[in-house]
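Take a look at the structure below.
The values are calculated or read from the model by the stated rules, or taken from the named source; none is laboratory data. Being a predicted model, the structure only gives us computed values, none of them experimental. We place every Cβ from the backbone using ideal geometry, glycine too, and count neighbours over all the protein chains shown.
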Amino acid sequence: MRYLQGISAIVVVSLALALAGGALAQGEAVREYAVTLEGEIAGIVVEPAGEGPFPTVLMLHGFASQKDEVGDMYKRLAAALAERGIASLRIDFRGWGESGGGMENSTVTGMVEDAATAYAYLLEQPFVDPARIGLVGFSLGGAVSLASAGQNPSWYRSVAIWSWGGNLAEEMLDAFTQEQLDTAAAEGKVTVDLGWREVTLGAGFFESLSALDVEAEFLKYPNAFYVVAGTEDFSGAYVDWFMDNAQGELKAAYLIRGADHIYGVLGEDQTMANAVIRTTADWFVMSLG
């Protein structure tokens, strides 16, 4: 099957992936604790029960979000990974969440640097198996993940992205008016009302959108790759492109019929969001070995 559509298919996929490896940890407590990385980057580590070193997943959040992600999807993913014997680190990019640095100083290239800082931190931790590090990115975090993986092809054994596809500048700049872009260029920053929060972005943020060719970087990444997208989101149109251009032998896509950019996570029905979390956790069980 080229890619999967609909929630019904997810049950089969979850069972198949779960059988590929991993086991639920029992009898010992999962450890979850806050850490501060170089550059005042705030993070949360989750270590599964049992004895390490463990396969470990780094989580990169989306635009104007934070380390737990919308609807606590990353917090929930961290718990699902821990149940399967996989550790995780989720971070706030500098300028966002609890990290230092100032929102107006945030850039996409800086986010790629933050991913490198987090990767270096993981290499120093005794609970981490350095040969089995995975990466997941949501929305803009997906673009950052592709850039990090392409620029450092030996770092990640497996990468998963949620709700991302296409040219970084084209997709992101559509979210802003010309007046906002002009203000940022003239005054060095602009405050934007997103509808659910206000953000202050520096001119450097908009300039950095053209500094990375995410599609070209993706072609440099040689290992396992999983993409999740909804049919009602712009990212759904890129699933075929990702499957055609993924360089590794192990690759899979999950296109969810009727899903929006955030998989309906803010509504009462958590079916789609739960499916994304569950299949992603199972993907890392299989692809991180």
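Evaluate the following for Ile256: is it touching a residue at least 60 places away in the same chain (Cβ under 8 Å), closer than 21 Å to Tyr74 by Cβ, out of contact with any strand residue (DSSP E or B) (no Cβ under 6 Å at 6 or more places or on another chain) and hydrophobic (A, V, I, L, M, F, W, C)?
no
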Worksheet, complete the sentence: Selection over the range 56-71 where residues are out of contact with any Phe, Trp or Tyr (no Cβ under 7 Å at 6 or more places or on another chain) and assigned to a strand (DSSP E or B) yields a count of 2
Worksheet item: With the range 72-177 as the region, which helices (runs of 4 or more DSSP H) entirely inside it contain at least 2 residues that are among the polar types (S, T, N, Q) and more than 30 Å from Glu268 (Cβ to Cβ)?
Response: 108-123, 140-151
Worksheet, complete the sentence: Restricted to the range 125-172 and to residues being charged (D, E, K, R) and more than 26 Å from Glu207 (Cβ to Cβ), the residue surrounded by the fewest Cβ atoms within 10 Å (Cβ to Cβ) is Asp129
Practice prompt. Being in contact with a helix residue (DSSP H, G or I) (Cβ under 8 Å, 6 or more places away or on another chain) and small (Gly, Ala, Ser) is the filter; apply it to the range 126-138 and report the residue that is farthest from Thr56 (Cα to Cα).
Written response: Gly137
Worksheet item: When both residues are 6+ apart or on different chains and their Cβ atoms are under 6 Å apart, which pairs have a first residue that lies in the range 143-164 and is within 13 Å of Phe218 (Cβ to Cβ), and a second that is surrounded by fewer than 24 Cβ atoms within 10 Å (Cβ to Cβ) and of a type in the set (Asp, Glu)?
Response: Leu146/Glu217; Ala147/Glu217; Gly150/Glu217
Worksheet item: What number of residues within the range 211-252 are aromatic (Phe, Trp, Tyr) and either part of a loop (DSSP other than H, G, I, E, B) or free of Cβ contacts under 8 Å to residues at least 60 places away in the same chain (or both)?
Response: 1
Worksheet item: When both residues are 6+ apart or on different chains and their Cβ atoms are under 7 Å apart, which pairs have a first residue that lies in the range 101-126 and is among the polar types (S, T, N, Q), and a second that is surrounded by fewer than 17 Cβ atoms within 10 Å (Cβ to Cβ) and modelled with pLDDT under 95?
Response: Thr109/Ala211
Response to the item:
Going through the range 49-84 in order, the residues found to be crowded, with 24+ Cβ neighbours inside 10 Å, over 12 Å from the mean Cα position of the chain (by Cα) and not hydrophobic (A, V, I, L, M, F, W, C) are Pro55, Thr56
